[in-house]
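The structure under discussion appears below in the form of structure tokens.
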Amino acid sequence: MSHGAGLVRTTCSSGSALGPGAGAAQPGASPSEGLLDLVYPRTHAALLKVAQMVTLLIAFICVRSSLWTDYSAYSYFEVVTICDLVMILAFYLVHLFRFYRVLTCISWPLSELLHYLIGTLLLLIASIVAASKSYSQSGLVAGAIFGFLATFLCLASIWLSYKISCVTQSTDAAV
């Protein structure tokens, strides 16, 4: 019962310039013009990254400034929010300063997709744990809510930035 080999194709559709020559569509602009991409901060992908970073920072501050009842649950929440915030900031800076043109050995769309998949899953788990251990303390509840909001924004970033299609390829050997 061979159904063929599965193939997963990903294409990046974020508003950022990820490929070589992506800046050539602008009149009078060459792909290597300047270190700073002045168009990127106004794209949907950049605004979504900024919203994610602000939401994660608010979630971290809410939890950090509250009285804890369960040390391990909230220390995990803090670690996940800060690590996710730092990684989103790193990808924002990669796009802003066009590091993807210099570091061509890294598949930036794939690495960003993997970051979002893993980071979103960890953030969802941390938010669920934080919500279940909040014990009606307002700062912890607010941190969990902002954690869920950041999870939703990360899911929106995955949904809007990447088109994932699973295609089954048939093989001639399966007769």
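Here TYR92 clears all of (1) open to solvent by 20 Å² or more (accessible area, probe 1.4 Å); (2) touching a Gly at 6+ places or on another chain (Cβ under 8 Å); (3) within 17 Å of ALA150 (Cβ to Cβ) except the condition numbered (2).
Per-residue answers, yes or no, for (1) at pLDDT 90 or above; (2) surrounded by fewer than 14 Cβ atoms within 10 Å (Cβ to Cβ):
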{"residue": "ALA45", "(1), (2)": "yes, no"}
{"residue": "SER65", "(1), (2)": "yes, yes"}
{"residue": "TYR71", "(1), (2)": "no, yes"}
{"residue": "TYR76", "(1), (2)": "yes, no"}
{"residue": "HIS115", "(1), (2)": "yes, no"}
{"residue": "LEU121", "(1), (2)": "yes, yes"}
{"residue": "VAL129", "(1), (2)": "yes, no"}
{"residue": "TYR135", "(1), (2)": "no, yes"}
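Scanning the stretch 47-63 for residues that are surrounded by 22 or more Cβ atoms within 10 Å (Cβ to Cβ) and under 18 Å from HIS95 (Cα atoms) returns LYS49, GLN52.
Out of LEU35, LEU47, I need the residue that is assigned to a loop (DSSP other than H, G, I, E, B) and farther than 19 Å from ILE118 by Cα. Which one? Even if it seems obvious, please write down each step before you answer.
On the way: LEU47 fails: assigned to a loop (DSSP other than H, G, I, E, B).
Testing whether each residue is assigned to a loop (DSSP other than H, G, I, E, B) and farther than 19 Å from ILE118 by Cα leaves just LEU35.
What single numbered condition from (1) touching a residue at least 60 places away in the same chain (Cβ under 8 Å); (2) over 18 Å from ALA156 (Cβ atoms) fails to hold for HIS44? Tallying (1) touching a residue at least 60 places away in the same chain (Cβ under 8 Å); (2) over 18 Å from ALA156 (Cβ atoms), HIS44 fails exactly one: (2).
Considering the stretch 137-150, and only residues there that are open to solvent by 10 Å² or more (accessible area, probe 1.4 Å) and not aromatic (Phe, Trp, Tyr), the residue that is farthest from ALA46 (Cα to Cα) turns out to be GLN137.
Residues that are modelled with pLDDT of 95 or more and farther than 13 Å from PHE77 by Cβ within the stretch 137-153 comprise LEU149, PHE152, LEU153, listed in sequence order.
The values are calculated or read from the model by the stated rules, or taken from the named source; none is laboratory data. All figures in this text were calculated on a predicted structure; none of them were measured in a lab. A quick note on method: Cβ atoms are made from the backbone with ideal geometry, for glycine too, and the neighbour counts reach across all protein chains shown. Keep in mind that these areas ignore ligands, DNA and RNA; they rest on the heavy atoms of the full protein, side chains included. Shrake-Rupley method; radii C 1.70, N 1.55, O 1.52, S 1.80 Å.
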